[in-house]
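Input: a single structure, listed below in structure tokens.
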Amino acid sequence: MPPMRLPFRAIARAAPTAAQTHASGAVPGVSVDVAALAALEVAARDFHFRPRQPGHSVLAGRHASKVRGRGLTFEELRLYLPGDDIRSMDWRVTARTGQPHVRVYTEEKDRPVLIVVDQRINMFFGSRRAMKSVSAAEAAALAAWRVLAEGDRVGGIVFGDQDAEVFAPRHSRESVQHLLGGIARFSQALRADSPARRSAAQLDAALERAARMAGHDWLVIVISDFDGHDTRTRDLMLGMAGRNDLLTILVHDPFLSELPESGQLVVSDGELQVELGFGHAATRRGIGEFVDAHARALLDWHHAIGVPLLPLSAAEQTALQLRRLLGRPLQQAPVRQRPGAAR
């Protein structure tokens, strides 16, 4: 069997036909355009990022307190009135004036949400339904539409191997469209023969920007495969998690964890290449151990710093996975009985 050539950057795909290529230059499964991401608004339902989660949600139980929801804003200091909650007493002012005073708070009307989207060349890989970069783009669009529907402000940081684009959180459809436009531009710039070099440092650079933007009680959603993560990555996320809600969506492809028992694979970084034979059990075992170790390391330090991690497979529909992870369980369609059938 001839070797299957798989550049490190992307799985080899047949050239798209004219019918498959959108007028914008996007190819379904390979890249996205604004229209495709905007169309996901109707699918952004049955899941949410609020504190109370369904029992089956990955944010339920231990992680429930990690999503604070909207915060409280100080409004005024006034004299105590019968019926006021004694827990709102300001004891310092009471002691200084000799009269009981309470602090009055109002609930914030919205909460800033920052979506950090990885569109580096390492995300340009996919073995079945779509590239990881496409799944990340879809997850970001679904999250943005959901946040807007819940009345919160939404912004984002979209980053590639060389640069990044920042969108300040705002509460408007126009702001979501601007964010989707940025994601689409980065998505369409990815290609297997791109001269861009892998840049692990861009992940930490994007997180540093997020840390500077997110003040207090924001929700920061990081969507990436975490290629190149290190201790700096962990420290940045730990710092953000201390004063904000932080949620990670780990995008992965099942190819390396489900290797075939025959055939060959040529892996290349654009200059050097290595040919791997799947027929060798030792090769499959070595790759499997590497993938397991990478996943275990991510899970361990996410657990250690208390940040929920949601696994998102590029081989499955993104909206269905988010509903399964964050929303109501999918209901099976009722079985219709034929007229006259026994009940």
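The values are calculated or read from the model by the stated rules, or taken from the named source; none is laboratory data. Please read these numbers as outputs of a predicted model, since none were measured by experiment. Cβ placement follows ideal geometry from the backbone for every residue including glycine, while neighbour counts extend to all protein chains displayed.
Within the set 323, 284, 338, the sole residue that is at pLDDT below 65 and of a type outside the set (A, V, I, L, M) turns out to be 338. Scan the range 296-318 for residues that are farther than 17 Å from residue 232 by Cβ and either touching a residue at least 24 places away in the same chain (Cβ under 8 Å) or part of a loop (DSSP other than H, G, I, E, B) (or both) and the total you get is 12. Those residues that are part of a strand (DSSP E or B) and modelled with pLDDT of 90 or more, I need them from the range 237-274; list them, please. Scanning the range 237-274 gives 245, 246, 247, 248, 249, 250, 251, 252.
Examine the range 304-316 for a residue that is of a type in the set (A, V, I, L, M, F, W, C), exposed (fewer than 15 other Cβ atoms within 10 Å of the Cβ), at pLDDT 90 or above and more than 16 Å from residue 247 (Cβ to Cβ), and state whether such a residue exists. No, the range 304-316 has no match at all. Residues in the range 199-236 that are in a strand (DSSP E or B) and of a type in the set (A, V, I, L, M, F, W, C): 219, 220, 221, 222, 223. In the range 153-161, the condition of being free of Cβ contacts under 8 Å to residues at least 40 places away in the same chain and assigned by TED's automatic domain parsing to the domain that holds residue 318 is met by no residue. Scanning the range 125-160 for residues that are within 15 Å of residue 28 (Cβ to Cβ) and outside any helix (DSSP H, G or I) returns 126, 128, 129, 130, 131.
Listed here are the residues, each with its yes/no results for (1) in the same structural domain as residue 256 (by TED's automatic domain parsing); (2) under 30 Å from residue 167 (Cβ atoms); (3) touching a Gly at 6+ places or on another chain (Cβ under 9 Å).
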position	(1), (2), (3)
80	no, no, no
84	no, no, no
88	no, no, no
95	no, no, no
101	no, no, no
121	yes, yes, yes
125	yes, yes, no
131	yes, yes, yes
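Whether any residue in the range 184-195 is modelled with pLDDT of 95 or more, crowded, with 16+ Cβ neighbours inside 10 Å, out of contact with any strand residue (DSSP E or B) (no Cβ under 6 Å at 6 or more places or on another chain) and not in a helix (DSSP H, G or I) is what I want to check. Checked against the condition, which is being modelled with pLDDT of 95 or more, crowded, with 16+ Cβ neighbours inside 10 Å, out of contact with any strand residue (DSSP E or B) (no Cβ under 6 Å at 6 or more places or on another chain) and not in a helix (DSSP H, G or I), the range 184-195 yields no hits at all.
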